[in-house]
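All remarks here apply to the structure that follows.
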C-alpha cells in the first residue's frame, strides 16, 4: 500500500494564502484545514456576547475581538480562529499586518455539531499553551447553557455553568457577567 503524500506549507505561505482567501482556514503544523460556515444562531450569539462584554469592558484595558481575528499558538505551530477573544493589557501581534494575535486572556467558542468535540478537546488543549490564557467559555446553540473553565491562582482549572437553574455566569478573568437572556436574545 502506498502512503498518501501530504503537502506541507510554511507559516509564511499559509498567511499569504489566508490573507487573500475569501474562506477561512486553520493551520496546524504545515497543513491547512478549511472552516465550515456558521449558522444564523451562531452569529447572533456571537453578536450578543460582543455587545454585552464590549459594554461592560468600555473603561477597562480589555478589548473584544470577533471571529475574523486569527490566533497563533506558537508552541504547537498553529493558527486558529476563536469565535471571540478578549485581551487585557498589551496586545501582541504576530507581525505588522495586525491580524494575528499571540495571546488572549479569555476565549469563547460557540458550539456546533461539527465543531463541539474539537472545541472541547484539541482546541482547548491548544489554548492552554498560551501564557496569559485564563478562561474558556463554551456556549451551546442547542440549549441555554454556558460552561466556563477558569484557571485559578494555583493554575488549577475550575468549572462553572449557567443554565436554566443558574441564569448568569461570572467571567472571573475579566470581572464581567453574562446573563442567559442576553446571550440568547432574538435567536431564530
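For the range 52-119, report the translational diffusion coefficient in µm²/s to the nearest whole number, using Stokes-Einstein at 37 °C, 0.692 mPa s, and a Kirkwood Rh over Cα pairs. Before the final figure, lay out the partial values.
Numbers: Rh = 12.9 Å.
Stokes-Einstein gives a translational diffusion coefficient of 255 µm²/s.
The length gained by stretching the chain between residue 20 and residue 187 to full extension, at 0.36 nm per residue less their Cα-Cα distance, is 56.9 nm.
Taking 0.36 nm per residue of separation and subtracting the Cα-Cα distance, what length does fully extending residue 35 through residue 153 add? If you can, show how the numbers build up before the last one.
On the way: separation 118, 0.36 × 118 = 42.48 nm, distance 3.45 nm.
Answer, rounded to one decimal: 39.0 nm.
Both radii are taken from the alpha-carbon atoms of the chain; with Rh as the Kirkwood radius, Rg/Rh is 0.97. Once the C-beta distance of residue 91 and residue 120 is scaled by a Förster radius of 30 Å, the resulting FRET efficiency is 0.65 to the nearest 0.05.
Take each of the peptides 103-112, 75-84, 9-18, average the number of other beta-carbon atoms within 10 Å over its residues, and list them starting from the highest. Mind showing how you got there, number by number?
Values: 103-112: 23.0, 75-84: 18.2, 9-18: 14.6.
Sorting 103-112, 75-84, 9-18 by mean packing, highest first, produces 103-112, 75-84, 9-18.
Computed from Cα positions, the angle between helix 11-20 and the longest principal axis of the chain comes to roughly 70 degrees.
Step by step: find N for the range 1-63, compute 2.2 N^0.38 Å, then divide the Cα radius of gyration by it. What's the final number?
On the way: Rg = 18.0 Å, N = 63, 2.2 N^0.38 = 10.6 Å.
It is 1.70.
Approximating the spin labels as points 7 Å out from Cα along Cα→Cβ, the residue 74-to-residue 28 distance works out to 2.2 nm. Among beta bridges from DSSP that stay inside the chain, the antiparallel ones total about 80%. Report, in whole Å, the centroid distance computed from the Cα atoms of the range 1-71 and the range 120-188. Each part's Cα centre sits 19 Å from the other's. Relative to the longest principal axis of the Cα atoms of the chain, the long axis of helix 40-56 makes an angle of roughly 60 degrees. Entry note, the chain: the mean residue ellipticity at 222 nm calculated from DSSP H runs of n ≥ 4, each adding -39500 (n - 2.57), is -6000 deg cm²/dmol after division by the residues and rounding to the nearest 500.
None of the figures in this text is laboratory data; all of them are computed from the coordinates on show. Keep in mind that this is a model prediction, so the values were computed, not measured. Positions of Cβ are backbone-derived with ideal geometry, glycine not excepted, and every protein chain shown enters the neighbour counts.
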